[in-house]
Amino acid sequence: MSVREIWESAALILIGAGAGGIISAGVFAFLAIIGVYPRLIGKTGTENHILLYETVIILGGTLGNVLDLYEFPIPMGVLSGNILMAIFGLSVGIFVGCLAMSLAETLKTLPVISRRIHLAVGVQYIILAVAVGKLLGSLVYFYRDMGA
């Protein structure tokens, strides 16, 4: 490998890592601005653990990116692998639900929708119906192996 190729590889690594860091920082800043993290911290009453939250968010984002780029096989049995996937899926579902509700709350979409369709009561049932529909759609998607 020549010196020029080494410098080109080093420059590509630096540019790629820098661009990835900027994008992930933007995503995390977006999540903080729309209130996902502050709302969850406020609801759980754990305001005195802010440093732990920051560390876990940074490590989670970094680990998620590494695992996305490099597919590490995790040798597990069928039962323990299914349990791990169920826990992971539940965690991701909770996060996406919190993200969607924070975004909807930030954009004030629920009051606008309820005014437009002249709905005085029952907004919670609409939210529940959307959540159940999303759950059933996901179950059908994965049951029929549409992701493969």
For this session: Would you check if there is a residue in the range 51-58 being aliphatic (A, V, I, L, M), over 28 Å from Lys134 (Cα atoms), more than 19 Å from the chain's Cα centre (by Cα) and in a helix (DSSP H, G or I)?
Result: yes
Problem set entry | Whichever residue in the range 86-101 is loosely packed, with under 14 Cβ neighbours inside 10 Å and aliphatic (A, V, I, L, M) and, among such residues, is nearest to Gly42 (Cα to Cα) | Ile94
Exercise. Here is a list of conditions, (1) closer than 26 Å to Gly21 by Cβ; (2) at pLDDT 75 or above; (3) surrounded by 11 or more Cβ atoms within 10 Å (Cβ to Cβ), and Leu69 meets all of them except one; can you say which number that is?
Worked result: (3)
Exercise. Which one is nearest to the chain's Cα centre (by Cα) among residues in the range 1-21 that are in a helix (DSSP H, G or I) and surrounded by fewer than 10 Cβ atoms within 10 Å (Cβ to Cβ)?
Worked result: Glu5
Exercise. Within the range 118-144, restricting attention to residues that are at pLDDT below 75 and more than 28 Å from Ile33 (Cα to Cα), which residue is least open to solvent (accessible area, probe 1.4 Å)?
Worked result: Gly122
Exercise. Is it the case that some residue within the range 71-81 is aliphatic (A, V, I, L, M) and in a loop (DSSP other than H, G, I, E, B)?
Worked result: yes
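The values are calculated or read from the model by the stated rules, or taken from the named source; none is laboratory data. Treat the numbers as computed from the prediction; the structure is a model and nothing was measured. All Cβ positions, glycine included, derive from the backbone under ideal geometry; neighbour counts span all protein chains shown. Each accessible area value is taken on the protein alone, full model and side chains, heavy atoms only, with ligands, DNA and RNA left out. Shrake-Rupley method; radii C 1.70, N 1.55, O 1.52, S 1.80 Å.
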